[in-house]
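Each remark here refers to the structure printed beneath this line.
The values are calculated or read from the model by the stated rules, or taken from the named source; none is laboratory data. Model, not experiment: these values are computed from the prediction. Using ideal geometry, Cβ is built from the backbone for each residue, glycine included, and neighbour counts are taken over all protein chains shown.
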Amino acid sequence: MTLRDFFDATSAQPIYIVFYFTMIVLVALLTGWLAKGEGEDSPWKYLYSALLYLVCVPGIFAISLQIYLFLFERRSIFDMNILLEVLPVISMIATILIVRKNVNMDRIPGFDKLSGLVMMICAALAIMWFIDRTRIVVFSYMPFQTVLLIFAGLMLVIRLGWSRLIKG
């Protein structure tokens, strides 16, 4: 199954997508109401962590897919699938805002890993966009594993620089 096949199959049954993303927002609202002032305690912070992962991973994927399609495929904004490309982002933003009202995001387990994932995706897209725009074509006898190691090294350097920039 390709990604296009998956998108076609899910677009054929949009009720599942709408149900998934609205339920996450509703559970976040209900949890915020039930755990008023106790969001940083043990059972609630893990529920918030699960909710954020359930909504942020598809949201981050939707954003990175949109960036890829607009920068590299030159796709028109009018061809966007609202349910698969916009709803995850809106649901992600709404859930983060709801969770943020009740708990400090630094206290949620694993939330820093999501920001690291976003940084890695942004760095990879930026490197790919730079290579695409400069039309660099390399003919060499360098093994592909070496190219992958160089790319991984660049990603680590970018990640290290970002973490030092944020921590001040």
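Per-structure values
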{"quantity": "Residue within the stretch 56-67 that is modelled with pLDDT of 85 or more and more than 13 Å from the chain's Cα centre (by Cα) present", "calculated": "no"}
{"quantity": "Among (1) exposed (fewer than 13 other Cβ atoms within 10 Å of the Cβ); (2) over 20 Å from residue 47 (Cβ atoms); (3) under 17 Å from the mean Cα position of the chain (by Cα), the one test that residue 122 misses", "calculated": "(1)"}
{"quantity": "Check on residue 107, more than 18 Å from the chain's Cα centre (by Cα) and charged (D, E, K, R)", "calculated": "yes"}
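Here is a yes/no grid of residues against (1) under 17 Å from residue 53 (Cα atoms); (2) charged (D, E, K, R); (3) free of Cβ contacts under 8 Å to residues at least 60 places away in the same chain:
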| site | (1), (2), (3) |
| --- | --- |
| 76 | no, no, yes |
| 89 | yes, no, yes |
| 93 | yes, no, yes |
| 96 | yes, no, yes |
| 101 | no, yes, no |
| 109 | yes, no, no |
| 113 | yes, yes, yes |
